[in-house]
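Student: Before we start, here is the structure in question, set down as structure tokens.
Please treat every number below as a calculation from the coordinates, not as lab data. Keep in mind that what you see is a predicted model, and the values were worked out from it rather than measured. Cβ: placed from backbone, ideal geometry, glycine included. Neighbour counts: every protein chain shown.
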Amino acid sequence: MDQWRQLKPLEWCKYVNKEVKVKANEKQQYVGWVFTVDPVSASIVLVTFQEKGGTSTVRVVMGHAVQEVEVLQEGNDETAKQLRNLFMPQGARDLSTEELRFKKESLRQWLEKNRIPVEEEGEMLRVANVLSVGAPYGAEDCSSSNEIILARVQSLVENNPGLTLEQPANS
């Protein structure tokens, strides 16, 4: 019946940056680009981009109402950038792709140095299978339903000595 709730939270991540059709209770359907999925409630944050100059629409489809999710289109780097820019603070939008890549790599290396298991999953870093870190890879960009792990990883992120962008990428 509702396969959505049978998925594990990490499996929901495969829908991020993809255009989907969400079938919800009472035969409602929503189409949009998945920005994120809340790991606690399984709610989906969908974005519908408007044509040039228009206002984008953000809709949250509550997890308990989701019946089915169908992928309509894969996203690309431009889609990911558009989604990121909608929710990213203005200062972070000014970072180049290279600067974001450097920050992600620096954080990944720092976490590994501190014996924290981390994997890259597109633009996201997945930490110990219970936490994700998105661009621009600061403490406020960490997301987890486990408050203890969240606080500890945020503390590590804040203390990352390699976060200054002036350093060369291969240091």
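Student: Can you list which of the chymotrypsin sites (Phe, Trp or Tyr not before Pro) found in region 15-52 are DSSP loop residues with at most 16 other C-beta atoms within 10 Å? Each step should come with its number before you reach the end.
Tutor: Values: sites: Tyr15, Tyr30, Trp33, Phe35, Phe49; in loops: Phe49.
Qualifying residues, ordered by number: Phe49.
Student: Contact order normalised by length for region 94-158, with contacts defined as Cα pairs under 8 Å and 6 or more residues apart; what percent is it?
Tutor: On the way: 75 pairs, mean separation 14.7, N = 65.
Computed over region 94-158, the figure is 23 percent.
Student: On to the next question. Need the list of lysines near Lys113 for cross-linking: C-alpha distance under 30 angstrom, and skip anything on the same chain fewer than eight residues off.
Tutor: Candidates past the 8-residue exclusion: Lys8, Lys14, Lys81, Lys103, Lys104.
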